[in-house]
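The structure appears below as structure tokens.
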Amino acid sequence: MATVREGSKGVLLVVDVQVDVVKAAWENQRVVGNVARAVERARDQKVPVIWVQHSDEDLPHGSAQWQWAPPLAPAAGEVLIHKHFNSSFEATSLDQELARLGATHITLAGASSNWCIRATAYGALERGYDLTLLSDAHTTNTMVLDDGTRLEAADLVKELNIAMTWLSYPGRTNATAKTEDTTFTVAKP
């Protein structure tokens, strides 16, 4: 069992809202706007914002498609984590940065819902963090499987939102919230 984090100090974790990741994603402009609003709200509330940026052979570090989707950009002093795997925790300093900040609760936004957002959400819960997924601030692309089956992006987003409300981990709280409704912390029962 994971060590449950005591307290209610929150952070906003923005994952992979990069040009090439969101360019063809479902409702990308609305979602990127909601992510930008979440960043603004976190900064206004003095909640740390942590940025996670993916790179691999299809998304080369430093390339135009690797950049943050406008209008997003880390502010001076905000933590920036570079990753190469789906989970923002794997082979990164994210856990150490969260410990340094005293974070116990992660509010999560970004892309892609069915890959890096899902892996990061499960990674956070498995490491003892409370988690709120911003239900209107994550997106993905429709998937077409080899047999022609289509997994619609809207359904993938909806499914993850449902999963984040139904999951149950001992001593942890997980939920979804709309960007405008989030408080960036969760009171322990």
If R₀ is 45 angstrom, what is the calculated FRET efficiency for the pair L145 and E6, using the beta carbon separation as r and rounding to 0.05?
0.55
Tell me the mean residue ellipticity at 222 nm calculated for the chain from its helices only (DSSP H runs of n ≥ 4, each -39500 (n - 2.57), averaged over every residue, nearest 500).
-8000 deg cm²/dmol
Sparsely packed trypsin sites (Lys or Arg not before Pro) within region 20-77, loop by DSSP, other Cβ within 10 Å at most 12
K23, K46
Which of T132, T165, T120 fluctuates most in a GNM of the chain (C-alpha springs under 10 Å)? That residue is T165
Highest-fluctuation residue, D146, D130, D56 considered, GNM on the chain with Cα pairs under 10 Å
D146
Lysine pairs in region 10-181 with Cα distance under 20 Å, only those 8 or more apart or on different chains: how many are there?
4
Relative contact order for the chain: what percent, with Cα pairs under 8 Å and sequence separation of 6 or more?
28 percent
Mean-position separation - Cα centroids, region 120-170 and region 13-45, in angstrom:
16 Å
So if I place +1 on the C-beta of Lys and Arg and -1 on the C-beta of Asp and Glu, and nothing else carries charge, what would the dipole magnitude of the chain be about its Cα centre? I want it in debye, nearest 20.
720 debye
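Throughout, read-outs are computed from the coordinates displayed, never taken from laboratory work. For clarity, every value in this text was computed on a predicted model and none was experimentally measured. Virtual Cβ from ideal backbone geometry, glycine too; neighbours counted across all protein chains shown.
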